[in-house]
1. Taking 22 Å as R0, compute the FRET efficiency from the Cβ-Cβ separation of Arg236 and Glu320 and round it to 0.05.
2. Run through the stretch 254-337 and list the GluC sites (Glu not before Pro) located in a DSSP loop whose Cβ has at most 11 other Cβ atoms within 10 Å.
3. Quick one: if you stick a label point 7 Å off each Cα along the C-beta vector at Lys103 and Asn186, how many nm between them?
4. Alpha carbon centre of the stretch 86-102 versus the stretch 300-373: separation in Å?
5. Looking at Met275, Gly223, Ala336, which one has the Cα that reaches farthest to the positive end of the dipole of the stretch 217-419 (charges on Cβ: Lys, Arg +1; Asp, Glu -1)?
6. Please list 366-374, 198-206 highest first by mean number of surrounding beta-carbon atoms within 10 Å per residue.
7. Show me the ranking of peptides 322-332, 76-86 by mean Cβ neighbours inside 10 Å, starting with the highest.
8. Between Asn202 and Lys74, with labels modelled 7 Å along Cα→Cβ, what's the label distance in nm to one decimal, could you check?
Amino acid sequence: MAEPIPALPQSYAPGLDSVFSDQLGFYSIDSNVPGLSKVILEKLNMKDYGDYRKAMEGKTRGATFHSHKEMFDKMEDTFKFCAACKKLPAHLPDPKALKRCIKCLNLYYCCKECQKSDWPLHKKFCKKLRLVAIDRLVEWLISTGDLPFPTQTWTRPAAEINSWEDWLAMQGDLAPRMEPILSGKNMTELWKSVSRARPEDNDLRESMWRVCTEFLSRPLTIGLGIKLFNLDPYSRPLTIHVVGAAHSETLGARVTDMDELSNMFPGHQGLEVVMVGPEVVEGKAIRPPLKQFGPRAKSYISGYRGLYHQFWEDVVEKGEAAKPDLVVGFHPGFHATQSLGEGWLPTLLLLRDYEVPSMFTMFNESEYELSLQILLELEMHIKATGVNPFRAQKPEQVQACPNKPPVYCNWHYICFQGLLEREELEEAEGGEGEAEQA
Ligand SMILES: [Zn+2]
Ligand SMILES: [Zn+2]
């Protein structure tokens, strides 16, 4: 390869298999397939991570791809490496010789021998990886606005809805909402542009459902946090900060993205979700946080590009934005490396010392355990932990290492608030739960 890949951070631990949206994501990809991140950049016509990020932020949109076919081809190229020996196309005598598993249409092999030797392992994951391959194409329908399909105001109190099944039971028949998408022009365009046949309609319905659960998992997880901390959106407006928000959450964000919260708490006093993070993309939907609350029963999205403790010092402390009633971090990933952990430390200490009700989510159980350990070392008062009933149903493949159990967005959660008291002070009944510090 022509250019070296930037040196790994010192604290980098090889073998990471988490899904990251930040720069470390590129390193973790390379930990299994050397040069894969380079391939991704090449295929996407980008010279470095900076370019990649700019494109993700939409700054070079339109310049990179000339057609949907080209876009989908290049996306698919980033998955082309031998799943067994990890060879990249560039390292093969005939780069076109990579063959795809005909069952999942997801994994590639350089030769028959590699495919054979990988099968005992791959057969455990082949079925799931078939869904993954469909989902990553159907996901495009979020960017076209076809998905998510419309959802309805909850007919039962949020406290009684504890699973996707409960949620579905309130929605009625989804089929009439899915049919126009299924027969729509974007769905047709999608399968005309990719290098595989259109799956059966039923496969597509299920895929649309999984993609939507990932989209809805964010507002529903925030809603779960509101419930777990006994916050009452009917008695006053609530401000929720989403800390470490990634470009994927703010790129192409729409003002309606958090509307499920309004479906969940119909007639609430106003909910504002402020995305804060260095990767926040400033778009038309993302406006500065409110000083005053908007009308009732509406969910607002605002954003601040920068680190959370800076936001706190520069905006919240000065009274230019409301203090948070709840802080949520989707997959902060501070467990992954020491340097990421250090980056998060000021935020974690701030949340602890200001006793902000906080909730973080993780992609899988090992991430959850590592994260919990770090929070306990910081003497956080852990209020609740568990498997998120509103985790995404869409499996997420570990790109460089596909033959592994998939992970799911917002699979596990940890709620924490303040410092763990040596001796728990009893909270005054019905009061604000104030505990005086010695
Ligand atoms: Zn091979
Ligand atoms: Zn397969």
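1. With R0 = 22 Å, the Cβ-Cβ based efficiency is 0.65.
2. Answer in residue order: Glu317.
3. Each label point is offset 7 Å from its Cα along the Cβ direction, giving 3.3 nm.
4. Result: 42 Å between the Cα centres.
5. Gly223
6. 366-374, 198-206
7. Those peptides, ordered most packed to least, come out 322-332, 76-86.
8. 3.8 nm
We did not get these values from a lab; they are worked out from the coordinates using the rules stated. Being a predicted model, the structure only gives us computed values, none of them experimental. Glycine gets a Cβ as well: all are built from the backbone with ideal geometry, and neighbour counts include every protein chain shown.
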